[in-house]
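Have a look at the structure below, then the notes.
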């Protein structure tokens, strides 16, 4: 092994899984009329439906078949019902994403040394990471960490924690194979959100128009654990996180008797976009010979909303192509909170050869910003033989087919 790479940190497997159902803009409008016919003509509902049409989201995955809901289904589930749903459907969704990442990493579940998980839509103890670990049949000695309270920033918060664990293991001359996963079932709280908007405060909340259900997973390893059979996808170069002062009230996810209620103020896009440039300078200035030109990178920007994507693009003078994966995920699937930026990274590698270097960034309550700078791990033989963006396992399958045919 190249001794210069022993301390390196790699992403060697990626996977994601969306919920089985979905809801379009038109279906959402119809759902509101079915659940709340008595308030359908009020200014609050009409404003919500107007904003619904402007989100630019084609459909949002959900664990519920909302096409079957009637007025009798408008009541929000109880806390224990919500927890049960997450710990069954949510765990299964997570296991599906994890299996994809583990398969691509070309390892067995028993090889996993650490787990770093994150969610903001389940709060029970033991955490859902324990149930996922059991279903995957991970080693009983696997070291688990579960993050809460970081919201949409959570995917990169978990990746940052995994990168720190990997480098710490390298300093102890030990291999690290870290399974990272993020899962959110935002639709659990849809009915509580709508009840709060229509029957209590009357304050417009755009959360029901943006959020979807999904899970993402990746396998991170240090250079010591990297095997010859593995083909890394990204090599992490630098990562950082920061609290944006004076923004604590801009975004929150608070517990109510019927579930979690989101607060997203109009100040969020401006505050988050303003933080991208300074954080970019930090993750690029840590080492010499690193480009400080935003145009030198592909960008995986957390698609928290159209205004955030457009604001970040304008602030950093990025082309549509540079944020193509973020735009694609947002338009097709909306915002799944913490898994979303990891899904963007998964999608990005299949969208052409792209630039050699990638910046991933996300935002969450606090407000906080997360950012990671990484390099694509190119496989020259694979790219020359089969073209850019092809998965290693697809290349190997075709190569084996040629040899046996």
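The values are calculated or read from the model by the stated rules, or taken from the named source; none is laboratory data. The model shown is predicted, which means the values in this text are computed figures rather than measured ones. Cβ placement follows ideal geometry from the backbone for every residue including glycine, while neighbour counts extend to all protein chains displayed.
Some values worked out for this structure:
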| item | result |
| --- | --- |
| Failed item, numbered, when residue 46 is tested on (1) within 30 Å of residue 234 (Cβ to Cβ); (2) without any contact (Cβ under 8 Å) to a residue 60 or more places away in the chain | (1) |
| Members of region 315-334 found to be without any contact (Cβ under 8 Å) to a residue 40 or more places away in the chain and part of a helix (DSSP H, G or I), listed by number | 321, 322, 323, 324, 325, 326, 327, 328, 329 |
| For residue 112: the one exception among (1) within 26 Å of residue 164 (Cα to Cα); (2) surrounded by fewer than 21 Cβ atoms within 10 Å (Cβ to Cβ) | (2) |
| Selected residue [touching a residue at least 12 places away in the same chain (Cβ under 8 Å), farther than 22 Å from residue 177 by Cβ and within 19 Å of the chain's Cα centre (by Cα)] from 63, 85, 79, 102 | 63 |
| Lone unmet requirement of (1) touching a strand residue (DSSP E or B) at 6+ places or on another chain (Cβ under 9 Å); (2) more than 20 Å from residue 51 (Cβ to Cβ) for residue 207 | (2) |
| Breaking point among (1) touching a residue at least 40 places away in the same chain (Cβ under 8 Å); (2) closer than 19 Å to residue 368 by Cα; (3) surrounded by fewer than 24 Cβ atoms within 10 Å (Cβ to Cβ), for residue 167 | (2) |
| So residue 192, is it in contact with a helix residue (DSSP H, G or I) (Cβ under 7 Å, 6 or more places away or on another chain), under 22 Å from residue 209 (Cβ atoms) and at pLDDT below 95 | no |
| Test: residue in region 63-71 that is surrounded by 14 or more Cβ atoms within 10 Å (Cβ to Cβ), in contact with a helix residue (DSSP H, G or I) (Cβ under 7 Å, 6 or more places away or on another chain) and more than 27 Å from residue 341 (Cα to Cα) | yes |
| Residue count, region 325-352 (criterion: crowded, with 18+ Cβ neighbours inside 10 Å, touching a strand residue (DSSP E or B) at 6+ places or on another chain (Cβ under 8 Å) and over 21 Å from residue 13 (Cα atoms)) | 3 |
| Options 27, 46, 17; residue that is outside any strand (DSSP E or B), at pLDDT 90 or above and either assigned by TED's automatic domain parsing to the domain that holds residue 71 or surrounded by fewer than 17 Cβ atoms within 10 Å (Cβ to Cβ) (or both) | 27 |
| Which numbered condition residue 60 misses (of (1) surrounded by 20 or more Cβ atoms within 10 Å (Cβ to Cβ); (2) modelled with pLDDT under 95) | (2) |
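Each row is one residue, and each column tells you yes or no for (1) at pLDDT below 95; (2) part of a loop (DSSP other than H, G, I, E, B); (3) in contact with a strand residue (DSSP E or B) (Cβ under 7 Å, 6 or more places away or on another chain); (4) surrounded by 21 or more Cβ atoms within 10 Å (Cβ to Cβ).
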{"position": "239", "(1), (2), (3), (4)": "no, no, yes, yes"}
{"position": "252", "(1), (2), (3), (4)": "yes, no, yes, no"}
{"position": "270", "(1), (2), (3), (4)": "yes, no, no, no"}
{"position": "278", "(1), (2), (3), (4)": "no, no, no, no"}
{"position": "283", "(1), (2), (3), (4)": "no, no, yes, no"}
{"position": "288", "(1), (2), (3), (4)": "yes, yes, no, no"}
{"position": "295", "(1), (2), (3), (4)": "no, no, no, no"}
{"position": "299", "(1), (2), (3), (4)": "no, no, yes, yes"}
{"position": "304", "(1), (2), (3), (4)": "yes, yes, yes, yes"}
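Yes/no matrix, rows are residues, columns are (1) out of contact with any strand residue (DSSP E or B) (no Cβ under 6 Å at 6 or more places or on another chain); (2) closer than 23 Å to residue 335 by Cβ; (3) not assigned by TED's automatic domain parsing to the domain that holds residue 12:
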{"site": "110", "(1), (2), (3)": "yes, no, no"}
{"site": "139", "(1), (2), (3)": "yes, no, no"}
{"site": "149", "(1), (2), (3)": "yes, yes, no"}
{"site": "152", "(1), (2), (3)": "no, yes, no"}
{"site": "156", "(1), (2), (3)": "no, yes, no"}
{"site": "160", "(1), (2), (3)": "no, yes, no"}
{"site": "169", "(1), (2), (3)": "no, no, no"}
{"site": "173", "(1), (2), (3)": "yes, no, no"}
{"site": "194", "(1), (2), (3)": "yes, yes, no"}
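Condition check ((1) farther than 18 Å from residue 186 by Cβ; (2) out of contact with any helix residue (DSSP H, G or I) (no Cβ under 9 Å at 6 or more places or on another chain)) across all residues:
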position	(1), (2)
289	yes, yes
310	yes, no
316	yes, no
319	yes, no
333	no, no
